[in-house]
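The values are calculated or read from the model by the stated rules, or taken from the named source; none is laboratory data. Treat the numbers as computed from the prediction; the structure is a model and nothing was measured. Here Cβ is always computed from backbone atoms with ideal geometry, including for glycine, and neighbour counts include all displayed protein chains. Keep in mind that these areas ignore ligands, DNA and RNA; they rest on the heavy atoms of the full protein, side chains included. Shrake-Rupley method; radii C 1.70, N 1.55, O 1.52, S 1.80 Å.
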Amino acid sequence: MDPRIEVIDKRLKDVKRIIAVAGGKGGIGKSSVASTLALILSKMGHKVGLFDLDFSGPSSHIILGIKDYEFPKEDKGIVPSEYYGIKFLSIISFSEENPSPLRGIDISNAVIELLAITQWGSLDYLIIDMPPGIGDATLDIIRIIKRAEFIVITTPSKLSIQTVKKSLQLLLELKVPIIGVIENMLDRSVYPNSPFVVLRRTGKSRKFTKSLSIKEQVKAFNIPFLGEIYFDKDFEDSIGNVNKLYNTSFAQSLKRIVLKILQNYPTK
Amino acid sequence: MHEWALADAVITTTLKVAENEGLKEISEIIVKIGELQTIDTEIFNFALKEVMQPQKKLLENAKIKIKSEKAILKCKVCKHEWLFKNAVKNLSEDETESLHFIPETAHVYLRCPKCNSPDFEIIQGRGIWIDSISGER
C-alpha cells in the first residue's frame with residue numbers, strides 16, 4: 001500500500017485555492033502564464049506557491065530568473081524556497097539542468113512523492129504549471145487533488161484549439177472544476193484592435209476573426225472564456241527578469257484577466 | 001527532516017485503514033523501505049514515534065517492523081539487471097541526496113552499466129511502502 005496518497009490532502013490543507021495551468025500543446029505559454037500569474041497574485045499581496053510539474057521541460061525558473069536553485073530546506077518534509085515572495089518548487093532543485101527522462105510510472109511517482117513531502121504551509125493560491133496534454137501528471141493531479149481548478153491555455157492556431165478541446169472534453173467528463181480558457185499569442189497585426197472592438201465589428205458579419213471563433217468554440221463547451229493575450233514581442237527579452245516581465249503587455253493583459261477571475265471567484 | 005513527512009504518511013494511511021476497516025487497535029505495521037531512497041531508519045523510527053504519539057489509544061501496542069528492500073534496476077533497452085548498491089558508489093553526495101528526495105532522479109544520474117541508457121525500470125526497492133497493517137476490530 002502506497003502511504004503517500006493519504007497524506008497529500010493534509011499537506012495542502014492550508015492552501016485556499018489550487019489552480020492548474022494546462023493546455024494541449026507545448027510552446028503555447030502555459031509556463032509563461034503560470035509564472036506570471038504567480039507573480040501578479042504575489043504582487044497583489046496574496047500568499048502564493050508555484051509548483052512546476054513539467055518534469056521534461058521545466059521552465060518556470062527560467063521565466064522568473066531563478067538561478068540559485070538548491071535543495072529545499074528540510075522541516076518535517078521539504079519547504080520550498082521563496083523567490084519574489086513566491087514559494088517555488090521544481091524538479092530542477094533535484095535534477096539541476098540535466099534531462100529527466102521519466103516514463104509514465106516514474107512521472108506519477110515523482111508527482112506523488114513531491115506532493116506528499118512538501119510543506120507548502122499557508123497559501124492563498126498554489127499555481128501548478130502543468131506539462132502539455134492529458135498524460136500522467138495531469139491525470140494524477142485530477143485523481144489526487146480533487147479541488148484543483150484548471151485554467152486552460154490555447155493559441156489561435158487550429159493545432160492548439162483542436163488539442164485543447166480534447167483536454168476540455170476530458171476535464172468536463174471527469175467533472176473537474178474549470179475556471180476558463182485564455183487565448184494566448186494573438187497576432188496584433190491580424191487583430192489590431194482591442195478584443196471588445198473586434199467582437200463588435202465582426203460579431204454579426206461573416207468575417208469572423210480567429211479570436212472570435214475560439215471564443216465561440218470555448219463557449220460551446222459552456223466554459224468561461226477568460227480573455228485574449230496578444231503576442232508580445234518584448235516578452236522574450238523579459239524572460240529571467242521579473243521587473244521587465246511584470247511590465248510587459250503580456251503581464252498587463254494577464255493582470256486584467258486575473259482581476260476578472262478574482263472578481264468572479266474571490267478567495268474563500 | 002524529510003523522513004518525518006514519510007513517517008507521517010505511514011501513520012496517516014494507517015489511521016485511514018483503521019477507520020475504513022473498523023479496527024480499534026493496531027497490533028502491527030510492516031513497512032518496507034526501498035534502498036533507492038536511502039532513508040535513515042533511525043531518524044524514520046524517531047519520526048514514527050513522534051507522529052504516533054497523539055494516537056495513543058489506537059497505536060499504543062502497535063509494533064512497527066521495518067524491512068529494507070534492495071533496489072534492483074532493469075534496463076528497458078538491453079534488459080540488463082543490476083543492483084543499486086553497486087551503482088551508488090559512483091554518485092556524488094548531492095546526487096544521492098536527490099535520490100533521497102525523489103528516487104526517480106535515478107534516471108537523471110544513473111545509466112545502465114551495460115549500454116549506458118537512462119531508460120530503465122526500478123523493479124523493486126524504490127521508496128516507502130506499507131506491506132501490511134494488522135489489528136483487532
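Assorted remarks:
- Residues satisfying the criterion are absent from region B:119-137 (criterion: open to solvent by 30 Å² or more (accessible area, probe 1.4 Å), without any contact (Cβ under 8 Å) to a residue 24 or more places away in the chain, in a loop (DSSP other than H, G, I, E, B) and not β-branched (Val, Ile, Thr)).
- Meets criteria (within 20 Å of residue A:5 (Cβ to Cβ), more than 14 Å from chain B (Cβ to nearest Cβ), in contact (Cβ under 8 Å) with a residue 24 or more places away in the chain and assigned to a strand (DSSP E or B)) for residue A:126: yes
- Residue A:141 vs. criteria in a helix (DSSP H, G or I) and surrounded by 17 or more Cβ atoms within 10 Å (Cβ to Cβ): yes
- Consider region A:84-99 and keep the residues that are among the small types (Gly, Ala, Ser) and not in a strand (DSSP E or B). The one that is farthest from the other protein chains (Cβ to nearest Cβ) is A:85.
- Of all the criteria given as (1) more than 14 Å from chain A (Cβ to nearest Cβ); (2) of a type outside the set (Gly, Ala, Ser); (3) in contact (Cβ under 8 Å) with a residue 12 or more places away in the chain, the one not satisfied by residue B:90 is (3).
- Test: residue in region B:22-29 that is of a type in the set (Val, Ile, Thr), surrounded by 20 or more Cβ atoms within 10 Å (Cβ to Cβ) and not in a helix (DSSP H, G or I): yes
- So residue B:47, is it within 14 Å of chain A (Cβ to nearest Cβ), crowded, with 17+ Cβ neighbours inside 10 Å and not in a strand (DSSP E or B): yes
- Residues located in region A:46-100, provided they are among the polar types (S, T, N, Q), touching a residue at least 60 places away in the same chain (Cβ under 8 Å) and crowded, with 20+ Cβ neighbours inside 10 Å: A:60
- Number of the exception - residue B:9 against (1) open to solvent by 50 Å² or more (accessible area, probe 1.4 Å); (2) of a type in the set (Gly, Ala, Ser); (3) within 12 Å of chain A (Cβ to nearest Cβ): (1)
- Region A:109-135, subset small (Gly, Ala, Ser) and open to solvent by 20 Å² or more (accessible area, probe 1.4 Å), residue modelled with the lowest pLDDT: A:135
- Qualifying position, being in contact with a strand residue (DSSP E or B) (Cβ under 6 Å, 6 or more places away or on another chain) and of a type in the set (Phe, Trp, Tyr), among A:88, A:94: A:88
- Qualifying positions in region B:67-90 - closer than 14 Å to residue B:37 by Cα and open to solvent by 20 Å² or more (accessible area, probe 1.4 Å): B:67, B:68, B:69, B:70, B:72, B:83, B:85, B:88
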